[in-house]
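I have placed the structure first, in the form of structure tokens, so that the comments after it can refer back to it.
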Amino acid sequence: MKKTLVVANWKMAPRNLLEAKSLLSSLKRLANKSNVSLVVAPPAPFISSFGASLRGGNLFLGAQDVSFYEGGAHTGEYSAAMLRSCNVSYVIVGHSERRGAGETNDMVAKKVRAALDAKLKVILCIGEHNRDKDGEYLEELRTQMRESLHGIFASDLKNMVIAYEPVWAIGRTAAFALPSSELVQTALFIRKVLSELFDNGSALSLQILYGGSVERGNAESIAECGAVTGALVGHASLSSEEFADVVAAFDQ
Ligand code: PGA
């Protein structure tokens with residue numbers, strides 16, 4: 001069983017480096033007293049400063065995106081090797097907000113490959129846009145997984161984590177998050193698709209996180225349902241007190 005992982009996806013916050021460093025200090029204190037592995041994924045401008053101050057322990061540095069190019073004329077992009085050289089361990093790939101800005105499954109697959117080749121661990125985000133009662137959203141998930149994992153081998157999966165984030169549940173409040181009974185079913189479906197794409201062993205061992213309005217009010221029921229071994233936390237990771245409560249719920 002893999003160690004529980006809780007990821008703080010800060011998105012485009014906080015407002016400046018000073019505030020970011022202060023939030024990082026509270027995360028370091030939290031990581032020191034927690035058994036859960038923590039990842040902080042700050043905005044790209046803060047990465048190199050954070051990388052210089054994070055060495056070892058339970059808190060790892062993550063990036064919110066990566067280019068699939070190794071280098072060259074790609075203004076605004078940064079490579080997996082650059083991230084690695086700044087002490088980044090994890091990269092979030094295929095977040096719905098990146099997909100919403102035009103990232104396709106094909107691009108996601110290339111980013112996953114580039115990140116793995118640079119020895120980064122990948123947090124691959126998947127999730128349906130809507131839930132329909134006929135279950136068509138399951139096909140959306142299957143296609144997303146098949147195409148986003150194109151070119152990935154079973155042997156790569158030990159360096160990957162799936163973050164299941166239903167798009168409709170992101171950025172809302174705990175009351176609107178996916179109920180844990182439905183999370184159990186969806187996690188089973190994800191493992192079924194993984195077994196179709198790879199093999200049963202890989203399907204069972206790959207770590208799945210839940211994301212989408214994880215807050216202190218629902219973290220416990222998500223942790224207790226047993227379907228996932230951690231969470232990808234957006235807005236609730238910007239308050240050190242609330243994030244500590246979320247982490248505590250997974251630290252059982
Ligand atoms: P949220 O974001 O916790 O604010 O819903 C999660 C995410 O988008 O990763």
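Quick note: the coordinates plus some simple rules give every number you see, no bench work behind them. These numbers come from a predicted model, not from an experiment. FYI the Cβ positions are ideal-geometry reconstructions off the backbone, even for glycines, and counts take in every protein chain you see.
When the range 65-96 is examined, which residues are found to be in a loop (DSSP other than H, G, I, E, B), of a type outside the set (Ser, Thr, Tyr) and touching a Lys or Arg at 6+ places or on another chain (Cβ under 7 Å)?
The first filter runs over the range 65-96 and keeps only residues in a loop (DSSP other than H, G, I, E, B), leaving 65-79, 86-89, 94-95.
Imposing the further condition that a residue be of a type outside the set (Ser, Thr, Tyr) reduces the set to 65-66, 68, 70-74, 76-77, 86-88, 94-95.
Correct list: Asp65, Val66, Phe68.
Of the residues that make up the range 215-226, is at least one closer than 14 Å to Thr4 by Cα and within 14 Å of the ligand (Cβ to nearest atom)? Looking for residues that are closer than 14 Å to Thr4 by Cα and within 14 Å of the ligand (Cβ to nearest atom), one finds at least one in the range 215-226, hence yes. Which pairs do you get when a residue that is part of a loop (DSSP other than H, G, I, E, B), found in the range 224-248, comes within reach of a residue that is charged (D, E, K, R) and within 12 Å of the ligand (Cβ to nearest atom), reach meaning Cβ atoms under 8 angstrom, with the pair 6+ apart or on two chains? Cβ pairs passing all conditions: Gly234/Lys11.
Condition first: away from the ligand (no atom under 16 Å from the Cβ) and surrounded by 19 or more Cβ atoms within 10 Å (Cβ to Cβ). Now tell me which residues in the range 83-105 satisfy that.
First, pick out the residues of the range 83-105 that are away from the ligand (no atom under 16 Å from the Cβ): 83-89, 102, 104-105.
Those that are away from the ligand (no atom under 16 Å from the Cβ) and surrounded by 19 or more Cβ atoms within 10 Å (Cβ to Cβ): Leu83, Val88.
Within the range 1-39, the set of residues being within 16 Å of the ligand (Cβ to nearest atom), outside any helix (DSSP H, G or I) and among the aliphatic types (A, V, I, L, M) comprises Leu5, Val6, Val7, Ala8, Met12, Ala13, Leu38, Val39.
Say we look at the range 115-137 and pick out the residues that are among the small types (Gly, Ala, Ser) and more than 17 Å from the chain's Cα centre (by Cα); which of these is nearest to Glu77 (Cα to Cα)? Walk me through how you get there before you give the answer.
First, pick out the residues of the range 115-137 that are among the small types (Gly, Ala, Ser): 115, 118, 127, 135.
Checking the rest, the ones that are also more than 17 Å from the chain's Cα centre (by Cα) come to 118, 135.
Numbers: Ala118: 16, Gly135: 37 Å.
This residue is Ala118.
Being outside any loop (DSSP other than H, G, I, E, B), within 16 Å of the ligand (Cβ to nearest atom), crowded, with 18+ Cβ neighbours inside 10 Å and without any contact (Cβ under 8 Å) to a residue 60 or more places away in the chain is true for just one of Val112, Val108. Which residue is that? Explain how you work it out, then say what you get.
Numbers: Val112 fails: within 16 Å of the ligand (Cβ to nearest atom).
None of the other options fit; the residue is Val108.
In the range 162-211, the residue that is farthest from the ligand (Cβ to nearest atom) out of those that are closer than 20 Å to Thr143 by Cβ and of a type in the set (Val, Ile, Thr) is Val193.
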